[in-house]
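Reviewing the structure listed below.
All of the numbers you see were taken from the coordinates with simple rules; none came from a lab. Not measured: the values here are computed from a predicted model. Glycine also receives a Cβ, built like all others from the backbone with ideal geometry; neighbour counts cover every protein chain displayed.
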Amino acid sequence: MKRRPVVQTICALAVTLAAGAALTGPAAAQKPRGDFPARPITFVVGFGAGGGADVFARAISEAAKTSLPQPLAVENRPGAGGTSANAYVAGRPADGHTILFAHAGSSVITPIITNQPTLKWNNFAPVARIHAEEEWLMVHPDSPWKSAKDLIAYAKKNPKKVRVAGSAIGGIDSFVVLSWEKAAGIDVEYIPHEGGGPAILAFLGKNAEVVVGNVSEFFQHVEAKKMVPLAVASAKRSPIFPNVPTLKESGADVVMVQWRSILAPKDTPSDRVAALAQAFRKAMDAESWKTFNRNAKAVDAYLGPADFQKFLAAEEQRFTKIIDELGLRKK
Amino acid sequence: MGFLEHLFAGFVSALSGYGILIMAAGVAWGIVGGAIPGISGAVAMALALPFTFALDAPTALILLAGVWAGANYGGSIPAILMRMPGTPASAACLLDGYVLAQQGRAAKALGVSLICGTIGALISIVVLIALVLPLGEIVVHFGSPEVFALALFGLTLIAGLSGPSFLKGIASGFFGLLLTTVGLDTLTGSMRFTFGSAELLTGIDTISVMIGLFAVSEMFYLIAHPARPAGEVVAGRAGTAFPNFRELREVGRATFVGTVVGLVVGIMPGAGATASSFVAYNEARRWSKRPELFGKGSMEGVAAPETANNAVQGGDLVPTLALGIPGSNSAAIMLAALLLHGIMPGPFLLTKHPDLVFTLFAGLILVNLLMIPVGIVILRLCLLALKLDPPVLIASVLALIVIGTYAGDLFVLNPVQALIFGVIGYGMRIWGFSAAAAVLGIVLGVLAESELRRSLIISHGEWSIFVTRPVCAVLLFLTLGVLLYPAFMTALRRWRARRVAAAPAAKS
Amino acid sequence: MSLRELILAGFLVAFGGVIVALSLEIAPGVQTDPLGPRFFPLALGSGIALCGLLLAAAEFLFRGEPSLAGLLSDASPEAEEDAGPFSPARFLGAIGATALYVAAFDPLGYLLATPPYIAAILLIHGGARSRTLLITPFVVTIALYVTFRFGLLIPVPDGPLEAILPW
């Protein structure tokens, strides 16, 4: 009695779904095996869609359409400060068709803090460092401190009074503040948030005196006169706010930038790594990328595989020292 | 150009070219994505992002707006039909929705969800359009203490979800809250309950656990207790009747409550559609003329949460458009689309790109209107699925759950969690605990804990912050009132009864 | 007095106790906040244990008073609808089949792992005609695969078939 409708319904649904999918799904370009890249490359990002890492990945992927014969497909695998994605990519075949987004937090700091050496950068093949964003400290327009020196002087006399809002512990924002505390000999209250956005909201609501983060998220608020730049955590003064001194100039040697980069599984053949690196280098010349960088107020900071590897080793040394000094390492 | 002229131009822009087609496609995609368990609105929007590259910025935004609106409704379809929340925001509507389906009123429940949801969305968008800038000023005053107070207020629903055993309900709620502590703690970087495993660092996956507790446990229950005749096992006589005006009027109060809750919670940073749906359920029950029906098949129990989770759309967009700070994951994807089109979101978006923003406003209204026709079509298709043989339906649902929960994060542990909590959910059911209370704990746990701790950091350890801030103090007072009110009323009744009984005795 | 209720209460106390013990190993207030990561799990574990104690107390104290008993503990465990008798074989079978399926999901890939799973569930549930048994696993598998892989563009694991499949 129910035989016909059941089978018919299933068939009808299946056909509809298949038709619909065929109409909407992309056609896969066929390339002969042995060529690289032979099919779309998966770009795994350890953070949710819409966030800074994700937007970066999509922007560079779009720009890479000018330099790679196959498209990059962004896959979000969020979790554990980005290290979930690290774990996933480590298990992928090392044929160059899977690459991984990395920044200081996901590839150096969090693996060290959480004692997961297999998820650290050196278990992957560095492909390229792409760009870097400045880390800034901002205060309210009516703030009593006109410079970082003022703030340091105040903080020395009033430990734990100054509240600094930033993103989660383990990310670069938190490290800028934590190392700044150590370098300047002060003690402030760091208030971690789920991301840059919530930190800015907290700051705007006067729940914090200072906010730390990427310049791209702050820029428009400065224009809107809701924030005043205090100091930048770079080696040299920023072209964006040339009148504002660096943290180094203000008596605390802290140089940290939010760099973003790409890694690949460890045993990826070096010629494929080199091909990817070159493709990204070329992608950085694309118009869409230049516009994106301009809006993000980021600076291109390309490093090829060999140089990037040396850079990562240096970063690990630097951060390990800070982590141990701050006693952040677990177990 | 004046405000209304801008808005009119926005409508013209949204409707131009293939606008209607794109918006309808977005809505359909969103409904399907939302209906698939494990794929939330944000994930559905992220999946649509690659398509936006080929479009110009305004069109990209209205496409994403369509997906967002669709997903808000889509999640309620499996929730009502199969006790399976398609998105976390639809979990609350299954409390009554599935019962209604078992009573043969699935189509009416789905219709209420669609229509009331659309009403809530439209109202919240109109409020957004009218008040975006002033609301943008207000939103920064909602900080951690306020969100904590809201979470606490929402947790009072545990009492209502406990069923016959209050203590077991509380324990269930505590269990849910406890689950949210597993993983990496963002406030200190410490690892809790991870037992050295890298996989557990991410903590539990909310949607997979919800699906496990509600849907997988239900499937296991149906398999393990095979007494009922085949045709009646699942929503047998779904009926195709749609709610008529009289029925819609009956849920009017609940819809109103849902809209208000959705608007308020939507504006609060951190609290989103899921939290608002549970708070709305709680409030609708409190203000309902027939509270005893809740949990046993009350249409209001569907109307309120579905209205609320749609009504957060406006609230989410307030900080997004006024400050460039996304109010939710879904809003973050809209901002990402802007960034990828070379447009910087921020406080100047409205003044620098008014055409873009007003096209979005128009688009939001249009996609929610489009929801009704598109929603009805998809709804009828889904109702067809109920005609499948029960074994086929159950097997298909389980297979769908596995791939669906995998699909959101591409994480194989998600289906594992769905399975484990399916067993746990089954156990809770036969031993008198409340899976719903546990889910409530899961939904509000992250908010409650992190905002509590953050509030104390902000206040330098002073607990008084919770009473010195006005909004927070009001919310806490309400929470206290809500908890004490039933006890107070019972005591009052007993005291009056004793007085009445004593009076004739005194006279004699 | 219900033995079942007492066992459940005991379980709650034990579970809460374990949580409290584990929580004490978590750092108290690290670096930034006074409550620290320990507070919440500790409080919740204690809360659960307390619920267990109260439940046991209610079992002992209120068994003579149905109304109060109803307030504090589950008076009628069989409040379920017209449920059939519990079949452990089917229950365990369903769990086992699902567990095997999820375990095989990645290594075998979706297309290989799903049809046997669907067939298994159909068999365990019973009541499916033989033709349905043969057709459904494949139709459902393909329908879902197509929807997710091509409609939603989600990379479904292909397992060993990855090398063969043209897409």
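With 10 angstrom as the radius, rank B:W495, A:W136, A:W180, A:W289 by how many other C-beta atoms surround their C-beta, starting from the fewest.
Numbers: B:W495 10, A:W136 30, A:W180 27, A:W289 21.
Fewest to most other Cβ atoms nearby, the residues stand as B:W495, A:W289, A:W180, A:W136.
Out of region A:149-239, which trypsin sites (Lys or Arg not before Pro) are coil in DSSP terms and have no more than 11 other C-beta atoms within 10 Å?
Taking region A:149-239 and a limit of 11 other Cβ atoms within 10 Å, the loop trypsin sites (Lys or Arg not before Pro) found are A:K225, A:K236.
For chain B, just say rounded, prolate or oblate: build the C-alpha gyration tensor, square-root its eigenvalues into a ≥ b ≥ c, call rounded for a/c under 1.5, and beyond that prolate if a/b exceeds b/c, oblate if not.
rounded
Which distance in Å, rounded to a whole number, links the C-alpha centroids of region A:46-88 and region B:292-364?
Each part reduced to its Cα centre gives a spacing of 24 Å.
A:H131's amide H: which non-local residues (gap 5+, or another chain) put their own amide H closer than 5 Å, with H modeled 1.01 Å from N in plane and none for Pro or chain starts?
A:R260, A:A301
In whole Hz, what ³J(HN,Hα) sequence does region B:351-360 give by Karplus (6.51, -1.76, 1.60; θ = phi - 60°), x for Gly and Pro?
Taking θ as phi minus 60°, the curve returns 7, 7, 10, x, 4, 4, 5, 6, 5, 4 Hz for region B:351-360.
What is region A:134-232 by shape, rounded, prolate or oblate, if you read a ≥ b ≥ c off the alpha carbon gyration tensor as root eigenvalues and call it rounded for a/c under 1.5, prolate for a/b larger than b/c, and oblate otherwise? Kindly include the intermediate steps, with their values, before the conclusion.
Working: a/c = 1.58, a/b = 1.18, b/c = 1.34.
Oblate shape, in that a/c is at least 1.5 and b/c is the bigger or equal ratio.
Once you've got the GNM for chain A with C-alpha springs shorter than 10 Å, pick whichever of A:D95, A:D285, A:D35 has the biggest mean-square fluctuation.
Among A:D95, A:D285, A:D35, the largest mean-square fluctuation in the Gaussian network model of chain A belongs to A:D35.
Could you please rank A:T320, B:T118, placing first whichever residue has the fewest other Cβ atoms within 10 Å of its Cβ?
The most exposed by this proxy come first: A:T320, B:T118.
If you count, for every residue in B:382-394, the Cβ atoms of partner chains within 10 Å of its Cβ, what is the mean?
Across B:382-394, the average partner-chain Cβ count within 10 Å equals 6.
³J(HN,Hα) across region B:118-134 via Karplus (A = 6.51, B = -1.76, C = 1.60, θ = phi - 60°), whole Hz, x for Gly/Pro?
In residue order, the calculated couplings are 5, 4, x, 4, 4, 4, 5, 6, 4, 4, 4, 4, 6, 10, 4, 6, x Hz.
Where the centre of each part is set by its Cα atoms, how far does region B:24-98 sit from region A:247-313, in angstrom?
Comparing the Cα centres of region B:24-98 and region A:247-313, I get a distance of 35 Å.
Between the alpha-carbon centers of region B:427-458 and region A:104-131, tell me the distance in whole angstrom.
After rounding, the separation between the Cα centres reads 33 Å.
Suppose a student asked you for the relative contact order of region A:134-232, using Cα pairs under 8 Å spaced at least 6 residues apart; what percent would you report?
In percent, rounded to a whole number, it is 46.
With each label point set 7 Å from Cα along the Cα-Cβ vector, what nm distance links C:A103 and B:Y485?
The two pseudo-label positions are separated by 5.2 nm.
Report the residues of region B:141-164 in range of a label on B:E462: point 7 Å along Cα→C-beta, backbone N strictly under 17 Å from it.
From region B:141-164, the list is B:143-146.
222 nm [θ] for chain B, helices only, -39500 (n - 2.57) per DSSP H run of 4+, per residue, to 500?
-24000 deg cm²/dmol
Can you list the aspartates and glutamates whose alpha carbon is less than 17 Å from that of A:K120, not counting same-chain residues fewer than 8 positions off?
Straight-distance partners of A:K120: A:D267, A:E315, A:E316, A:D324, B:E199.
Other chains near B:408-421: what is the mean number of their Cβ atoms within 10 Å of each residue's Cβ? Walk me through the intermediate numbers first.
Values: counts 3, 9, 13, 7, 7, 3, 1, 6, 5, 1, 2, 7, 3, 0.
Taking the mean over all residues of the peptide, I get 5.
List the chymotrypsin sites (Phe, Trp or Tyr not before Pro) within region B:396-471 that fall in a DSSP loop (any state other than H, G, I, E or B) and whose Cβ has at most 13 other Cβ atoms within 10 Å.
Answer by residue number: B:W463.
Among the chymotrypsin sites (Phe, Trp or Tyr not before Pro) within region B:112-201, which fall in a DSSP loop and have no more than 15 other Cβ atoms within 10 Å of their own Cβ?
Values: sites: B:F142, B:F148, B:F153, B:F166, B:F174, B:F175, B:F193, B:F195; in loops: B:F142, B:F193, B:F195.
Filter output for region B:112-201: B:F195.
Which lysines, on any chain, are close to A:K282 with Cα under 23 Å apart, when same-chain ones fewer than 8 places away are left out?
Leaving aside lysines fewer than 8 places away in the same chain, those within reach of A:K282 are A:K31, A:K65, A:K290, A:K297, A:K310.
Around A:G213, which amide H atoms from residues at least 5 apart in sequence, or from another chain, sit under 5 Å from its own amide H, with H modelled in the peptide plane?
Counting only residues 5 or more places away or on other chains, the set is A:W136.
Quick one: what are the phi-derived ³J(HN,Hα) couplings along region C:107-122, Karplus 6.51/-1.76/1.60 with θ = phi - 60°, whole Hz, x for glycine and proline?
x, 7, x, 5, 5, 8, 7, 6, x, x, 5, 4, 4, 4, 5, 4
Among the listed pairs A:K161/A:K225; A:K182/A:K248; A:K160/A:K182; A:K149/A:K182; B:K108/B:K296, give every one whose C-alpha distance is greater than 18 Å.
A:K161/A:K225
Across peptide B:343-350, how many C-beta atoms of other chains are within 10 Å of each residue C-beta, on average?
Mean partner shielding for this stretch: 4.
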